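Below is one structure, written out as structure tokens; comments come after it.
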Amino acid sequence: MIRKYPPRSMKTWYGYRTFSSTINEDTWHEANQYSAYISRCMAYILVPFGLLMAFIFDTQTDVFLYLTVTPVIICALLLTGLTEWHLLQEFDEDGHKRAKPGKKTTPFS
């Protein structure tokens with residue numbers, strides 16, 4: 001959904017919203033684009049895993065609950081950590097884009 005309908009501004013009710021992602025519009029768009037990509041990658045793992053658990057367990061036991069909810073929680077924490085790490089790699093603490101290694105910058109660019 002976020003890929004097809006990305007949040008247009010920081011005032012929308014959905015989107016990846018943390019302190020570092022709301023510094024400016026550039027960090028907002030980069031964080032939402034990256035977190036949508038990571039979410040999609042995690043869905044490729046979580047959906048088949050959830051379906052497999054549904055086929056293995058006939059009833060919803062405590063083990064079923066732990067085996068289905070725990071990966072979702074881990075992926076949510078991993079999504080936040082990876083997106084924040086990506087923002088730290090791409091932007092400085094003021095929200096300015098970092099220069100790529102090997103790319104020469106001029107004082108006027």
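Amide H contacts of F91: R98, each under 5 Å away and 5 or more positions distant or on a separate chain (H built 1.01 Å from N in the peptide plane; Pro and chain starts excluded). Of the GluC sites (Glu not before Pro) found in region 61-96, those that fall in a DSSP loop while having at most 15 other beta-carbon atoms within 10 Å are E93. Full extension of the segment from Y44 to T80, taken as 0.36 nm per residue of separation minus the current Cα-Cα distance, would add 11.2 nm.
Read-outs: derived from the displayed coordinates by stated rules, not from any lab. Quick caveat: nothing in here was measured; it's all calculated off a predicted structure. When we count neighbours, we look across all protein chains shown, and the Cβ atoms used for this are built from the backbone with ideal geometry, even at glycine.
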